[in-house]
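Chemist: Provided herewith is a single structure, encoded as structure tokens, for subsequent inquiry.
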Amino acid sequence: MKEIKIFCPASIANLSCGFDVLGLCLDNIGDEMIIRTVAERGIRITKITGADLPLETEKNVAGVAALALINEINPGCGFEIEIHKNIKAGSGIGSSAASAVGAVFGINELLGKPFSRKELVYFAMKGEALASGSEHADNVAPALLGGFTLVRGYEPLDIVQIESPSELFAIALHPQIEVKTVDARAVLHPMISLKSAITQWGNVGGLIAGLCTNDYELIGRSLQDVIVEPLRKVLIPGFDDVKLAALKAGALGSGISGSGPSIFALCKGEENAKNVSIAMSENYKNTGISFDIHVSRVNPIGVKIIN
Ligand code: ADP
């Protein structure tokens, strides 16, 4: 019997202008999973701690992603999975993605790496479809590959890896309220104006260029969302005020993490990130809603084996 322990990082999707295509990997917040090879074929989830989630393989994103992988290569063994959650489900920082990614990464390692990390995105997306109803890669790609990722296209799947500037830090403030992904999708309009589209793709290009050239000012100017944020922010109490507090304290930019309710900010340098996190915390206390806040360097590696 072989067994490995894995760190499965949280992630921030969308990053204001890059709805459904951009994401980044966080460093010091994530789940742990233990995956073990067993003689009996199939996938069994044997233990979940830290969250009330289904143990049934077909009802858990980890199980669904793992099944997608083993159905592809049909190994002569099976796998047991333990999930130890630190990322709350429905937080908007890629809780479901962390489980999907951990499962496919761990099994791939135990099988001697038949797939590259990039190829694993496809299987992890199958798990994400269980959580949100659509196969999207904006959280699983950064959790698997680290740094920033751009989903250039889905047909065929084309993921672009972008290294993070070394001094970039991310903050994620998670208000303890529930925003269902279906509700966050329902407030969106299916049509957008040409004017908004032009603004948005200018910002996506600016953000990518800023990341590639370590231009923090350009990164900050590009963290603007004229399409999704104005419609979704009404679901997050105190959003405008805490965003303003982050910007006043020197954040490069701030917006909704994934489909919310988490609110993210990007900062240059650790000291600035700490100051911004204090300003955001002080401000969010005014809402009376309890919250968690995480300050993290951008994780350059993604999911990994730990001891
Ligand atoms: P998040 O952005 O935090 O991942 P989602 O709404 O996309 O939030 O996913 C959470 C949903 O996925 C919840 O309904 C949860 O019950 C379901 N789910 C199933 N398995 C898992 C798992 N292993 N980890 C997290 N969520 C899971």
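Chemist: Starting from the Cα of residue 282, step 7 Å along the direction of its Cβ; do the same at residue 182; then give the gap between the two resulting points in nm.
Modeler: Computed distance between label sites residue 282 and residue 182 equals 4.2 nm.
Chemist: Hand me the tally of lysine pairs in the range 184-269: alpha carbons under 20 angstrom apart, and the pair either on different chains or 8 or more positions apart.
Modeler: Going through the range 184-269 pair by pair, I get 4.
Chemist: Taking a ≥ b ≥ c as the square roots of the eigenvalues of the Cα gyration tensor of the range 144-196, is the shape rounded (a/c under 1.5), prolate (a/b larger than b/c) or oblate?
Modeler: oblate
Chemist: A further question follows. Given the range 64-109, what whole percent of its Cα pairs are spread farther than 15 Å?
Modeler: 45
Chemist: Helices from the chain with mean Kyte-Doolittle at least -1.0 and a Cα length along the axis of 20 Å or more, per DSSP H: which?
Modeler: What comes out of the filter, once short or polar helices are dropped, is 95-110, 117-132, 194-212.
Chemist: How many nm is it between the label spots at residue 293 and residue 155, if each spot is 7 Å from the Cα in line with the beta carbon?
Modeler: 4.4
Chemist: If only Cα atoms are counted, what is the Rg of the range 113-172, and what is its Dmax, in Å?
Modeler: Spelled out, the Cα radius of gyration and Dmax of the range 113-172 are 12.4, 36 Å.
Chemist: Something else: For a test of the definition: using alpha carbon positions, the gyration tensor, and the 1.5 limit on a/c, classify the range 248-307 as rounded, prolate or oblate.
Modeler: prolate
Chemist: Taking the simple approach of a point 7 Å from Cα along Cα-to-Cβ for both residue 215 and residue 72, what is their distance in nm?
Modeler: In this crude label model, residue 215 to residue 72 measures out at 3.7 nm.
Chemist: Hey, in the GNM for the chain with a 10 angstrom Cα cutoff, which one of 276, 38, 104 fluctuates hardest?
Modeler: Its mean-square fluctuation being the largest, the pick is 38.
Chemist: If the label point is 7 Å along Cα→Cβ of residue 167, which residues in the range 252-267 have backbone nitrogen under 14 Å from it?
Modeler: Under 14 Å, as judged by backbone N against the label point of residue 167, lie 252, 267 of the range 252-267.
Chemist: Also: For the range 54-169, what log10 I(q)/I(0) values come out of the Debye formula at q = 0.18, 0.21 1/Å, with one point per alpha carbon and no solvent?
Modeler: One equal scatterer on each Cα of the range 54-169 leads to -0.90, -1.19.
Chemist: Show which aspartates and glutamates lie in cross-link reach of residue 285 when reach means a straight Cα distance below 12 angstrom and same-chain residues fewer than eight apart are skipped.
Modeler: 241
Chemist: In units of 2.2 N^0.38 Å, what is the alpha-carbon radius of gyration of the chain?
Modeler: 0.97
Chemist: Rounded, prolate or oblate: which one fits the range 128-239, using the alpha carbon gyration tensor with axes a ≥ b ≥ c (rounded when a/c is under 1.5, else prolate when a/b beats b/c, else oblate)?
Modeler: Here the range 128-239 falls in the rounded category.
Chemist: In addition: Under the rule of at least 5 residues apart or a separate chain, name every residue whose amide H is placed under 5 Å from the amide H of residue 304.
Modeler: So residue 304 has HN proximity to 7.
Chemist: Show me 61-72, 200-211, 281-292 ranked by packing, highest mean number of other Cβ atoms within 10 Å first.
Modeler: Order by mean packing, descending: 61-72, 200-211, 281-292.
Chemist: Which residue, 257, 95, 166, tops the fluctuation ranking in a GNM of the chain built on C-alpha contacts under 10 Å?
Modeler: 166
All of the numbers you see were taken from the coordinates with simple rules; none came from a lab. Since the structure is predicted, the reported quantities are computational estimates derived from the model, not experimental observations. Heads up, the Cβs are rebuilt from the backbone with ideal geometry, glycines too, and the neighbour counts pull from every protein chain shown.
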